[in-house]
Amino acid sequence: MSLPKACIFDLDGVIVDTVPAHFVAWKAMADELNIPFTEEENEHLKGVSRIDSMKRILAMGNIEKSEQEIIDYTTRKNEIYVEIISKMTPSDILPGVVEFIDLLRQHNVAVAIGSSSKNTPTILKAVGLDQAFDVIVDGNQVTYSKPDPEVFLKGANQLDFAPAECIVLEDAISGVEAAKRGGMKCIGVGDAKVLGAADVVISDMTELNIDFLKALYTNEELHQA
């Protein structure tokens, strides 16, 4: 059985857990507007661009703001968020990530980041993974956010591999959809009830090994841990 040529990782929720930081920052904006905002609602913003996330929050409160006001809110949200993530350390890397990247390297499988986050360089530097990937495509380089497949297709293109030769690891519904629309197989990381559209779902990356990857790539029966 052969291996994929590359694995493309989402960042938030796959490499590190930035969900709590996003929640604190978005809730600060929602509180200003007297819009109730819960952790569950924050989950629905995973993989969604900053501007679109703010528009969704405004819609929750049936509030309209000008484009400039929306930009101002997202700028302040990002300042709060960056302050939090800048304090991250290697201990914030999620279980199994470093070991899996090392395993891929040992088997000559390229690794890339495909993230909608414009703060990707800040996060990777904070946790010590800024030199760990062959290619990094983030929100600073794409026009369309997930579920558009642009970020993953750019990653495959920069690696010089066909989309079908890459496997995506994602924790968001929009990210899974983006991977599938891009013609790539997708490993969902998180809740199988939420990520059912992925080819397979794992709870975290400690479940991954080379045999698992070979089986997924060659359509063999998967034996999950």
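Report yes if residue 46 is within 20 Å of residue 123 (Cβ to Cβ), of a type in the set (Lys, Arg) and not in a helix (DSSP H, G or I), otherwise no.
Judged against the criteria, residue 46 is a match.
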Completion exercise
Subset of segment 97-131, residues under 16 Å from the mean Cα position of the chain (by Cα), assigned to a loop (DSSP other than H, G, I, E, B) and crowded, with 18+ Cβ neighbours inside 10 Å, comes to 115, 116, 117, 119, 129
Practice task
Using the structure shown, decide if residue 79 is out of contact with any helix residue (DSSP H, G or I) (no Cβ under 7 Å at 6 or more places or on another chain), assigned to a helix (DSSP H, G or I) and not assigned by TED's automatic domain parsing to the domain that holds residue 210.
Solution key: yes
Problem - Selection within segment 179-191 - of a type in the set (D, E, K, R) and assigned to a helix (DSSP H, G or I) - result: 180, 181
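Return yes when residue 155 is in the same structural domain as residue 105 (by TED's automatic domain parsing) and on the phi > 0 side of the Ramachandran plot and no when it is not.
Considered against the rule, which asks whether it is in the same structural domain as residue 105 (by TED's automatic domain parsing) and on the phi > 0 side of the Ramachandran plot, residue 155 comes out as no.
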Completion exercise
Exactly one of 194, 176, 168, 201 is among the β-branched types (Val, Ile, Thr) and in a loop (DSSP other than H, G, I, E, B), and that one is 194
Fill in the blank from the handout: Looking across segment 1-58 at residues that are aliphatic (A, V, I, L, M) and free of Cβ contacts under 8 Å to residues at least 24 places away in the same chain, the single one that is surrounded by the fewest Cβ atoms within 10 Å (Cβ to Cβ) is 51
Practice task
Quickly run through segment 154-178 and pick out the residues that are free of Cβ contacts under 8 Å to residues at least 40 places away in the same chain and crowded, with 21+ Cβ neighbours inside 10 Å.
Solution key: 176
Problem - Test for residue 95: is it out of contact with any strand residue (DSSP E or B) (no Cβ under 6 Å at 6 or more places or on another chain) and either assigned by TED's automatic domain parsing to the domain that holds residue 32 or more than 27 Å from residue 206 (Cβ to Cβ) (or both) - result: no
Exercise for the section: Taking the residues in segment 181-223 that are in contact with a Phe, Trp or Tyr (Cβ under 8 Å, 6 or more places away or on another chain) and farther than 20 Å from residue 101 by Cβ as candidates, determine which candidate is modelled with the lowest pLDDT. Expected result: 223
Exercise for the section: Answer with yes or no whether residue 127 is in contact with a Gly (Cβ under 6 Å, 6 or more places away or on another chain) and of a type in the set (A, V, I, L, M). Expected result: no
Practice task
Evaluate segment 1-23: report whether one residue or more is over 17 Å from the mean Cα position of the chain (by Cα), farther than 30 Å from residue 198 by Cβ and not assigned by TED's automatic domain parsing to the domain that holds residue 162.
Solution key: no
Exercise for the section: Could you please let me know if residue 140 is surrounded by fewer than 21 Cβ atoms within 10 Å (Cβ to Cβ) and under 26 Å from residue 2 (Cα atoms)? Expected result: no
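The values are calculated or read from the model by the stated rules, or taken from the named source; none is laboratory data. Keep in mind that this is a model prediction, so the values were computed, not measured. Using ideal geometry, Cβ is built from the backbone for each residue, glycine included, and neighbour counts are taken over all protein chains shown.
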